[in-house]
1. Determine the gain in length on full extension of the stretch LYS57-GLU170; use 0.36 nm per residue of separation and subtract their C-alpha separation, reporting nm with one decimal.
2. Just grab the label-to-label distance for SER144 and THR22, each label 7 Å out from Cα along the Cβ direction, in nm (one decimal).
3. Give me the extension gain from ALA64 to ILE14: residue separation times 0.36 nm, minus the current Cα-Cα distance, reported in nm with one decimal.
4. With springs connecting C-alpha atoms under 10 Å apart, model the chain as a Gaussian network and identify which of GLY129, GLY38, GLY17 has the largest mean-square fluctuation.
5. Specify which residue in the list ALA63, THR9, GLY109 is farthest towards the positive end of the charge dipole of the chain, using unit charges on the beta carbon of Lys, Arg (+1) and Asp, Glu (-1), about the Cα centre.
6. Determine the dipole magnitude for the chain: charges of +1 sit on the beta-carbon of Lys and Arg, -1 on that of Asp and Glu, nothing else is charged, the reference point is the Cα centre, and the result goes in debye to the nearest 20.
7. Taking the Cα centre of the stretch 8-60 as the origin, how large is its charge dipole in debye, to the nearest 20, when only Lys and Arg (+1) and Asp and Glu (-1) carry charge on their Cβ atoms?
8. Which listed residue (ILE154, GLY179, ILE140) has the Cα farthest towards the positive end of the charge dipole for the stretch 135-187, taking +1 on Lys and Arg C-beta and -1 on Asp and Glu C-beta about the Cα centre?
Amino acid sequence: MNNWQEHITINPKICHGKPCITGTRIMVSVILDNLAEGLTFEEIVKDYPPLTLENIKAAIAYAAQLTQKEELLISDEASSNIFHHTSIPTEIESIFMKLAKQWREETRGLSSINQMCMHPAYQQIIGMGEAVIPLLLREIANKSGRWFWALKSIAREDPVPFEFRGNTKEMTKAWLEWGRQRGYECY
């Protein structure tokens, strides 16, 4: 599809500048993640009613064009079996730290995890996407804050066994191990 530009827009005011389907807040990465999980085009359209089959084709075309310009460095299995994520840009870390500080200050008196996690600063951190996973892992390693919800939202998985839910120490261990297995450095 040569006209993916008709279906995808990048606006710094929408989803922190991540590529989205035009007129929606559905990120291209969400479509690609669903495809990678084995969902059919039709299943994705059913799960995200604003989407069309053409939108999904555009997301694939966009990703294909990106791979012509950039390459992801993945180590071969013989050398280390770990994907090393690039270092975090200073700007992302700065934004994260500012939002985390605001979140801590403005939720200090709250006891409800739901209220804390629905705070706008916390939601903005989630919106920053995978780039902040190492920072979130660092936060939980330093016993700083309630970041499990954010990690689960961004990673779209939960490595915490059911029997350890609610046990902060075990949840921290599970998430840090998850990060190590994926090559995230906990700065």
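1. Residue separation times 0.36 nm, minus the Cα-Cα distance, leaves 36.5 nm.
2. Inter-label distance under the simple model: 4.2 nm.
3. 15.7 nm
4. The residue that fluctuates most here is GLY38.
5. GLY109
6. With only Lys, Arg, Asp and Glu charged at Cβ, the dipole is about 820 debye.
7. Here the stretch 8-60 has a charge dipole of around 320 debye.
8. Result: ILE140, furthest along the dipole toward the positive end.
Readers should treat all values here as calculations from the given coordinates under stated rules, not as data from a laboratory. Just so it is clear, the structure is predicted and the values come from calculations on it, not from any experiment. With ideal geometry, Cβ positions are generated from the backbone for all residues, glycine too; neighbour counts draw on all protein chains shown.
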